[in-house]
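These notes concern the structure reproduced below.
The values are calculated or read from the model by the stated rules, or taken from the named source; none is laboratory data. Model, not experiment: these values are computed from the prediction. Every residue, glycine among them, receives a Cβ derived from its backbone with ideal geometry; neighbour counts consider all protein chains shown. Each accessible area value is taken on the protein alone, full model and side chains, heavy atoms only, with ligands, DNA and RNA left out. Shrake-Rupley method; radii C 1.70, N 1.55, O 1.52, S 1.80 Å.
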Amino acid sequence: MGTFLALTLFTGFVLVLLAVDLGAFHRHRRAPRFRGALLASAAWVALALAFNLGIYFWRGQQPAVEFLTGYILELSLSLDNVFIFALTFTYAAVPSEDQHRVLFWGVLGALIMRAIFIVAGVELISHFHWVLYIFGAFLVVSGLALVREKEKKVRPEHNPVLRLARKLFPVTENYEGALFFVRRNGRRFVTPLFLVLVMIETTDVLMAVDSIPAVLGVTEDPFIVYTSNIFAVLGLRALYFLLARALMKFRYLHVGLALVLMFVGSTMLGAYFYKLPTHVSLAVICVVVAFTIIISMLKARGVVESDTAAEPKQ
């Protein structure tokens, strides 16, 4: 089976999954519950692992390890998206029952944008292999910048795409339920929910600038890069509703993600001299992310305990 046919079939499979997800499980306008988000997250992870097993029997051990590494890498970097989504929804005061709809259409946009990024990246590397070293240096620089980042802020007024949308379309003053567009007196308006979708989409594009080169550091196989990316994005919605509040307490997670970016970038820069085995990269990524999450949890627990101890006794 050719790569193009495989990618086409996979994309069709994903569209069917999204249609079932929206039509069967999220037909009604309501806020997702923790239990539902937990089950959905488990289902998306199980589906990705089943797909990984299929790759193992179809294409062998090495592509399967590359997919698993790319998937875990993308899922780890996607945790940063969860922070941004939470801040965006809070800033824009998006009703909880409408957040899933925004993320759903955000996934569709991500399918298109990431496909473009991946095709462009693979084509560049296939014709100009030295571009791989530029990607590596970019990841190292991005990791260093992320280490210095003390807190995340959402500044819609600095988003050029959002400013352009406001200039091109008249915007309603209030949310109009789950609608992105409304028509009044023969004139079409966009709602604030559409502007939030624009913010989510541009955020994903910015995140893809880091994540796509990172996966290309694991493998240059377009099928593995695309499928691992998309499976991580598919599970991102459920992951948001599961972890959005908890991740706010993971104060060192951004350091772990920065170390992962710098590690992958370094392996890309050093690939001319030595190609690090994929399973070693997988182990390093898992250990770094798990370690920073554990340290963050211990720190958060220590803060809570110290605050409790400092309270005056009645």
*Note down the nm distance, to one decimal, between modelled labels 7 Å out along Cα→Cβ at LYS299 and at PHE181.*
4.6
*State the percentage of accessible surface on the chain attributable to carbon and sulfur atoms; use a 1.4 Å probe and exclude ligands, DNA and RNA.*
66
*Only Cα pairs under 8 Å and at least 6 apart count here; give the relative contact order of the range 249-301 as a rounded whole percent.*
69
*Starting from the Cα gyration tensor of the range 181-257, take the square roots of the eigenvalues, sort them a ≥ b ≥ c, and report rounded, prolate or oblate (rounded when a/c is under 1.5, otherwise prolate if a/b is larger than b/c, else oblate).*
oblate
*Counting pairs of alpha carbon atoms under 8 Å apart in space and at least six apart in sequence, what relative contact order in percent does the chain give?*
31
*asked:* What's the ranking of 44-51, 135-142 by average number of surrounding C-beta atoms within 10 Å, highest first?
replied: 135-142, 44-51
*What is the list of residues in the range 207-231 whose amide nitrogen lies under 16 Å from a point 7 angstrom out from the Cα of PHE4, following Cα to Cβ?*
222-223
_Surrounding net charge for PHE104, when Lys and Arg each add one and Asp and Glu each subtract one, Cβ distance under 10 Å_ = +1
*Using the heavy atoms of the protein chains and a 1.4 angstrom probe, tell me the accessible area per residue for the range 32-152 in square angstrom.*
50
_If I take R0 = 25 Å and measure r between the Cβ atoms of VAL209 and CYS286 in this structure, what FRET efficiency does the formula 1/(1 + (r/R0)^6) give, to the nearest 0.05?_
0.60
